[in-house]
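Novice: The structure that follows is given in the form of structure tokens.
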């Protein structure tokens, strides 16, 4: 009982502290916008940003091109994860169910087979399991924390792209369009890509942070996975040490994104989408600097 009372006291104190914080002024938000736009212009890049505290007051948000559409790159793995947990919640599968790992997929253009290359995947471990079984839980962990493409494609095949999209739409994030798994070259050549805008990603991360993506427990488990992200050169690099970030990155040629929840003293959602920079180290630094600017207005 004493432990429960202490926990309740802590929660109430945290809520009171958040409520006592002053909202970010319109002038500070306008200044951050101007700084970000100057950085984007200097980098000759197209940048979209959504920043919103989880306890935002009316008008307390920063929006730069929130509905501009980009190639989603690996950010599409967030709705894949949400659909996995949604199907588990509905009893259609269990997270510890095992599936056979294969490297044979079919193009959405004509059904022709294609394979993924381990040398072009940020996760090489899943390829060692080809012909063996792995749990859906393990594949999800790899897909998010290591941004594994093979793990993602196995999950998309198991869950169904149409189901993933239906859940994404239901959550109010129709700006994210999931048509297929990754590395379908024929689809890419025809412009049939997974796409997103910053507003959609912000909606998904807000739902996760508020415990509304699936159940509260499932949302918390997904946030925990996102906090184990191994690619941290973007949003986390612009923050003081010790601040947890539950986030997902995405990179392809001239595309670099990072989106997530920053658990600062006053938690907030931040989405940064970047297009037009060849050097991913440079685009990573740009995202980190935008993250620093946003944090500084808290």
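Novice: For region 242-298, what are Rg and Dmax over the alpha carbons, in angstrom?
Specialist: In Å, with Rg to one decimal and Dmax whole: 11.6, 35.
Novice: Then there is this: Residue separation times 0.36 nm, minus the C-alpha to C-alpha distance between residue 96 and residue 220: what's the value?
Specialist: Length difference between fully extended and current span is 42.9 nm.
Novice: Taking every pair of distinct Cα atoms and averaging 1/r, then inverting, what Kirkwood hydrodynamic radius in Å comes out for region 73-192?
Specialist: Taking the inverse mean of 1/r over all distinct Cα pairs, region 73-192 comes out at 14.5 Å.
Novice: Another question about this same structure. For the chain, with a Gaussian network of springs between Cα atoms less than 10 Å apart, report the residue from 133, 207, 77 with the top mean-square fluctuation.
Specialist: Result for the chain, Cα springs under 10 Å: 133 fluctuates most.
Novice: With axes computed from alpha carbons, what is the tilt in degrees of helix 2-20 against the longest principal axis of the chain, rounded to the nearest 10 within 0 to 90?
Specialist: Compared with the principal axis, the helix lies near 70 degrees.
Novice: Round to the nearest 10 and give me the degree value, 0 to 90, for the angle of helix 26-42's Cα axis relative to the longest principal axis of the chain.
Specialist: 40 degrees
Novice: Any chance you could check the Cα centroid distance between region 132-199 and region 251-283 for me, in angstrom?
Specialist: Computed from Cα coordinates, the inter-centre distance equals 19 Å.
Novice: Relative contact order for the chain: what is it in percent, counting Cα pairs under 8 Å that are at least 6 residues apart?
Specialist: 23 percent
Novice: Calculated from DSSP H runs of 4 or more alone, at -39500 (n - 2.57) each and per residue, what is the 222 nm mean residue ellipticity of the chain, nearest 500?
Specialist: Counting only the DSSP helices, I get -13500 deg cm²/dmol.
Novice: Let me ask something else about it. Taking the convex hull of the alpha carbon atoms in region 134-238, what volume per residue do you get, in Å³?
Specialist: Per-residue hull volume (Cα only) is 121 Å³.
Novice: Cα axis of helix 161-170 to longest principal axis of the chain: angle in degrees, 0 to 90, nearest 10?
Specialist: 20 degrees
Novice: Going by how many other Cβ atoms sit within 10 Å of their own, how do 222, 81 line up, fewest first?
Specialist: 222, 81
Novice: Sort 169, 110 so that the residue with the fewest other Cβ atoms within 10 Å of its own Cβ comes first and the one with the most comes last.
Specialist: Going from least to most buried by this count: 110, 169.
Novice: If you rank 117, 135 by fewest surrounding Cβ atoms within 10 Å, what's the result?
Specialist: Least to most surrounded, the residues fall as 117, 135.
Where a number appears in this text, it was derived from the coordinates with a stated rule and is not lab data. These numbers were taken from a predicted model, which means no experiment stands behind them. Here the Cβ is made from the backbone with ideal geometry for all residues, glycine too, and neighbour counts use every protein chain on show.
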